[in-house]
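Read the figures in this text as sums done on the coordinates, not as results from a lab. Note that this is a predicted model, so its numbers are computed, not measured. Please note: Cβ atoms are built from the backbone with ideal geometry, for glycine as well, and neighbour counts cover all protein chains shown.
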Amino acid sequence: MTALANPSPAWLDRAAYPFTARSLELPDGRLHYIDEGAGELVVLVHGTPTWSFEYRHLIRALRSRYRVIALDHLGFGLSQRPAGADYRPEAHARRFAEFIAALGLPRFTLVTHDFGGPIALPFAAAHPERVAGLVLFNTWLAPFTDPVMLRRARLVAGALGRFLYRSFNASLRLIMPSAYARRRRLTPAIHSQYLAVFRDRDARVRVLHTLARALLDSHAHYAALHARRHVLATLPTTVIWGLADSAFGPAYLERLRESLPAAHIHALADAGHWPHEEAPDEVAALVLAHLARHAPARVTSSACDPLQSA
């Protein structure tokens, strides 16, 4: 097993991401996470091809009033990347549950984006008593049936997609910029914080292309989650959706609305797949409003001491 990535590599912008590095050893490898602030707990779960850096604005906005935890999935960000690990969403979901159990976390509000939905929402569906509420950004909880998405998924899952992922870092260099409402918002400085994580070509295949294939291959995982939507629907939920998302269009928002009919929906016309990156102040205000309505009883314990990160 390889060592945990340097918690402060040369490429990391510490001004943008000034948080204390912590780590947790799980059976599959060591996860990096941050644990900032004190009070009611909020857990942030990223998707692909990003890492907890995508939540930096939200962490800053929340940590003065809340305890905020954001992890990097195995293979992403500053977490380990064992060569033989399973990087399918099913495995990430299992590790997320292990992460929550290992830290002994109290009841919390769950915030998810992209693949963070099918990674973390199974925990909420299995343990609704542990989750005070949900905040969802451009994510899904059902199998893909849209013909356009199915064609795209087959393309990226095939040999051409694998080649583009491996040789050109396609998910970060091609797909990510195209999913912004305005590409100039993905500045070179911001983009570099994601590109630097996947300089290794084999890692792009092992970690990123595995999730691209999972759009189709993990149909049963999404179906099982969708079958439990009635449980998720009992949780106070806010959906914050970037309408200019080229990956997941408005039809996916409507499907989420059908699955979670009581959810508060906030559609942002001038944001794409990463509304919390593109409209951070507006998104933070919406998340704070959700927490003010639905956060659990106040917890006085503060963030735990950093674990060894070497």
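Quick notes on this structure:
- Inter-residue pairs, beta-carbon under 7 Å, first farther than 16 Å from Y55 by Cβ and in the stretch 188-204, second aliphatic (A, V, I, L, M), 6+ apart: L195/L172; F198/L172; F198/L208
- Scanning the stretch 10-24 for residues that are surrounded by 17 or more Cβ atoms within 10 Å (Cβ to Cβ), in a loop (DSSP other than H, G, I, E, B) and in contact (Cβ under 8 Å) with a residue 60 or more places away in the chain returns L12, Y17, A21.
- Members of the stretch 25-35 that are in contact (Cβ under 8 Å) with a residue 60 or more places away in the chain and buried (at least 20 other Cβ atoms within 10 Å of the Cβ): D28, L31, H32, Y33, D35
- The one condition from (1) buried (at least 24 other Cβ atoms within 10 Å of the Cβ); (2) under 15 Å from T237 (Cα atoms); (3) out of contact with any strand residue (DSSP E or B) (no Cβ under 6 Å at 6 or more places or on another chain); (4) not hydrophobic (A, V, I, L, M, F, W, C) that P128 does not meet is (1).
- Summed over the stretch 77-92, residues that are under 15 Å from the mean Cα position of the chain (by Cα) and surrounded by fewer than 22 Cβ atoms within 10 Å (Cβ to Cβ) total 3.
- Members of the stretch 179-191 that are surrounded by fewer than 16 Cβ atoms within 10 Å (Cβ to Cβ) and under 23 Å from Y87 (Cβ atoms): H191
- Sub-9 Å Cβ pairs linking a first residue in the stretch 129-144 that is touching a residue at least 12 places away in the same chain (Cβ under 8 Å) and more than 25 Å from A247 (Cβ to Cβ) to a second residue that is among the β-branched types (V, I, T) and outside any strand (DSSP E or B), at least 6 apart or interchain, are R130/I100, ordered by first then second residue.
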